[in-house]
Amino acid sequence: MDMQGLTGSVVALVTPFLEDGSIDFGSLERLVDFHLENGTDGILVLGTTGESSTMTDEEDLEVAKTVIDRVAGRIPVIGGAGSNSTAESLRKAKALEKLGADGLLLITPYYNKSNEEGIYRHFTTVLDQVDVPCLLYNIPGRTGCSISERNVARLATHPNAWGIKEASGNISYATMVARYLSDDFHMMSGNDDMVVPILSLGGVGVVSVWADVAPRTVHDMCEKWLAGDTAGALKVQLENLDLVHALFGEVNPIPVKAALAKMGLIGPTVRLPLWQLSPEADARLEEAMKGAGLLG
């Protein structure tokens with residue numbers, strides 16, 4: 001599936017686990033069906049929300065293959081190929097490309113962080129050696145480093161750099177990055193509470209945790225904006241802020257997995273070092289879900 005024209009809602013898909021911590025492939029397939037039935041425009045597997053950092057290489061590829069096979073070319077599937085080791089990121093990228101991923105998500109190096117030139121070369125090493133579109137991932141709150149504006153300007157001209165997932169939460173940074181957007185380099189929001197602001201800067205959609213539980217709502221919000229109904233899109237954004245905030249009431253993906261469990265779609269299991277949602281956060285989440293019409 002060609003992702004060159006991808007717009008709208010790309011769900012950052014959770015990886016469901018059974019109580020013993022093994023992957024629940026049956027629930028994973030049902031989640032894919034849920035998104036196909038509810039307007040999701042693309043699926044990201046093996047991202048932060050997918051808990052890839054707790055999974056083995058074999059598990060990563062099994063999850064990616066399951067999703068790719070279930071989607072069967074109906075919408076784009078993007079595989080998370082992030083690592084703080086450039087060589088490892090390249091290895092994962094090539095493996096996911098071979099499996100049939102339509103695109104790749106590449107994160108900045110974390111823990112070792114690197115300097116500006118190192119980050120540039122971290123990305124270009126992968127971009128130069130794959131043949132699928134890649135989404136650069138800027139999330140300094142997780143990684144401890146950012147993609148500098150200068151690096152965005154340089155990377156935006158690379159033929160395999162499809163765009164940037166901007167999750168800094170810094171609208172000033174996003175505004176600077178917007179200067180480098182084009183027909184070949186796009187921006188997607190990485191923050192569910194900032195989708196409309198990013199769209200207003202020329203963004204084309206969102207990579208969304210919120211879409212895990214409300215795929216139709218997030219799709220429709222983006223569609224409204226892209227169709228020119230800016231007031232309608234803003235209304236959806238503002239009406240759902242309580243839910244969005246509750247979904248990030250503790251470290252992602254703990255709350256969204258709890259929400260999906262309340263909806264009967266998966267079990268709530270997360271892998272250590274993550275742990276179950278606290279009672280206080282759980283109560284806030286349930287109240288927000290009821291307010292959004294997700295629970296009776």
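Any idea which residue in the range 9-24 is farthest from Gly264 (Cα to Cα), counting only those that are surrounded by fewer than 15 Cβ atoms within 10 Å (Cβ to Cβ), touching a residue at least 24 places away in the same chain (Cβ under 8 Å) and not acidic (Asp, Glu)?
Looking at residues that are surrounded by fewer than 15 Cβ atoms within 10 Å (Cβ to Cβ), touching a residue at least 24 places away in the same chain (Cβ under 8 Å) and not acidic (Asp, Glu), I get Gly21.
In the range 150-175, which residues are farther than 28 Å from Asp2 by Cα and touching a helix residue (DSSP H, G or I) at 6+ places or on another chain (Cβ under 9 Å)?
Scanning the range 150-175 gives Arg150, Gly169, Asn170, Ile171, Tyr173.
Is the range 115-126 home to any residue that is basic (Lys, Arg), closer than 30 Å to Arg150 by Cα, in contact (Cβ under 8 Å) with a residue 12 or more places away in the chain and open to solvent by 40 Å² or more (accessible area, probe 1.4 Å)?
yes
Quick check on the range 127-160: of everything there that is among the polar types (S, T, N, Q) and under 20 Å from the mean Cα position of the chain (by Cα), which residue is surrounded by the most Cβ atoms within 10 Å (Cβ to Cβ)? Show your work before the answer.
Taking the range 127-160 first, the residues among the polar types (S, T, N, Q) are 129, 138, 143, 146, 148, 151, 157, 160.
Adding the requirement that they be under 20 Å from the mean Cα position of the chain (by Cα) leaves 138, 143, 146, 160.
On the way: Asn138: 25, Thr143: 21, Ser146: 19, Asn160: 19.
Restricting to residues being among the polar types (S, T, N, Q) and under 20 Å from the mean Cα position of the chain (by Cα), the top hit is Asn138.
Within the range 170-192, identify whether any single residue is under 22 Å from His35 (Cα atoms), open to solvent by 10 Å² or more (accessible area, probe 1.4 Å), in contact (Cβ under 8 Å) with a residue 12 or more places away in the chain and among the charged types (D, E, K, R), and answer yes or no.
So far as the range 170-192 goes, no, none of its residues is under 22 Å from His35 (Cα atoms), open to solvent by 10 Å² or more (accessible area, probe 1.4 Å), in contact (Cβ under 8 Å) with a residue 12 or more places away in the chain and among the charged types (D, E, K, R).
Within the range 1-31, track down each residue that is under 16 Å from the mean Cα position of the chain (by Cα) and within 30 Å of Asp183 (Cβ to Cβ).
Result: Met3, Leu6, Thr7, Gly8, Ser9, Val10, Val11, Ala12, Leu13.
Restricted to the range 216-260, and to residues that are of a type in the set (A, V, I, L, M, F, W, C), free of Cβ contacts under 8 Å to residues at least 12 places away in the same chain and in a helix (DSSP H, G or I), which residue is surrounded by the fewest Cβ atoms within 10 Å (Cβ to Cβ)? Even if it seems obvious, please write down each step before you answer.
Keep residues of the range 216-260 that are of a type in the set (A, V, I, L, M, F, W, C), which gives 218, 221-222, 225-227, 231, 233-234, 236, 238, 241, 243-244, 246-248, 251, 254, 256, 258-260.
Imposing the further condition that a residue be free of Cβ contacts under 8 Å to residues at least 12 places away in the same chain reduces the set to 227, 231, 238.
Add one more test, that the residue is in a helix (DSSP H, G or I), and what stays is 231, 238.
On the way: Ala231: 9, Leu238: 11.
Filtering first and then ranking leaves Ala231.
What are the pairs with Cβ atoms under 9 angstrom where one residue, in the range 29-41, is among the small types (Gly, Ala, Ser) and the other, located anywhere, is open to solvent by 20 Å² or more (accessible area, probe 1.4 Å)? Sequence gap at least six, or different chains.
Final answer for the pair search is Gly39/Arg216; Gly39/His219; Gly39/Asp220; Gly39/Glu223.
Find the helices (runs of 4 or more DSSP H) located wholly in the range 38-151 whose residues include 3 or more that are modelled with pLDDT of 95 or more, and list them.
Once the helices (runs of 4 or more DSSP H) in the range 38-151 are filtered for at least 3 residues that are modelled with pLDDT of 95 or more, what remains is 57-71, 86-99, 116-127.
Scanning the range 176-215 for residues that are out of contact with any helix residue (DSSP H, G or I) (no Cβ under 7 Å at 6 or more places or on another chain) and assigned to a strand (DSSP E or B), which turns out farthest from Gly291 (Cα to Cα)?
Per the stated criteria, the residue is His186.
Need the failing condition index for Asp60 against (1) surrounded by fewer than 20 Cβ atoms within 10 Å (Cβ to Cβ); (2) free of Cβ contacts under 8 Å to residues at least 60 places away in the same chain; (3) among the charged types (D, E, K, R), just the number.
In the conditions (1) surrounded by fewer than 20 Cβ atoms within 10 Å (Cβ to Cβ); (2) free of Cβ contacts under 8 Å to residues at least 60 places away in the same chain; (3) among the charged types (D, E, K, R), Asp60 misses (1) alone.
Can you confirm whether Ala87 is of a type in the set (Gly, Ala, Ser), under 20 Å from Val126 (Cα atoms), open to solvent by 10 Å² or more (accessible area, probe 1.4 Å) and without any contact (Cβ under 8 Å) to a residue 60 or more places away in the chain?
For Ala87, the condition - of a type in the set (Gly, Ala, Ser), under 20 Å from Val126 (Cα atoms), open to solvent by 10 Å² or more (accessible area, probe 1.4 Å) and without any contact (Cβ under 8 Å) to a residue 60 or more places away in the chain - is met.
Can you pull out the residues in the range 28-60 that are of a type in the set (A, V, I, L, M, F, W, C) and more than 20 Å from Gly8 (Cα to Cα)?
If the condition is that a residue be of a type in the set (A, V, I, L, M, F, W, C) and more than 20 Å from Gly8 (Cα to Cα), then Leu28, Met55 are the ones that fit.
The values are calculated or read from the model by the stated rules, or taken from the named source; none is laboratory data. Predicted model only: the values in this text are computed from it and were never measured. In this analysis, Cβ positions are derived from the backbone assuming ideal geometry, glycine residues included, and neighbour counts consider all displayed protein chains. Keep in mind that these areas ignore ligands, DNA and RNA; they rest on the heavy atoms of the full protein, side chains included. Shrake-Rupley method; radii C 1.70, N 1.55, O 1.52, S 1.80 Å.
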